[in-house]
Amino acid sequence: MTTMTMGKPLRVAMCETITDLAADNDRLVELDGDTAFSTRVDNFHQAYPERFYQTGIAEMNMLAMEA
């Protein structure tokens, strides 16, 4: 039987990657649908508050903003 080791959660890896990419690309922004703490993008918000937009629980509005 093979034992698999677990890496970091996907949401943590995603936030770290987005935050790292944002250091090199000032056009990268984060839109959040009121899930920042559970998806761990609160770290992006702390690093780049001027590029973090909280849309609340209005996902369709968030999609319109993205477009």
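Where a number appears in this text, it was derived from the coordinates with a stated rule and is not lab data. What you are looking at is a predicted structure, and each value in this text was computed from that prediction instead of being measured. Here the Cβ is made from the backbone with ideal geometry for all residues, glycine too, and neighbour counts use every protein chain on show.
Summary table
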| quantity | calculated |
| --- | --- |
| Distance in nm between pseudo-label sites at Met65 and Thr35 (7 Å out along the Cβ direction from Cα) | 1.5 nm |
| Percentage relative contact order, the chain, counting C-alpha pairs under 8 Å, at least six apart | 32 percent |
| Assigned charges on the beta-carbon of Lys, Arg, Asp, Glu; the chain dipole about Cα centre (debye) | 260 debye |
| Net +/- balance of residues flanking Met62 in space, Cβ distance below 10 Å, scoring K and R +1, D and E -1 | -4 |
| Calculated Rg and Dmax of the chain using C-alpha coordinates, Å | 14.2, 49 |
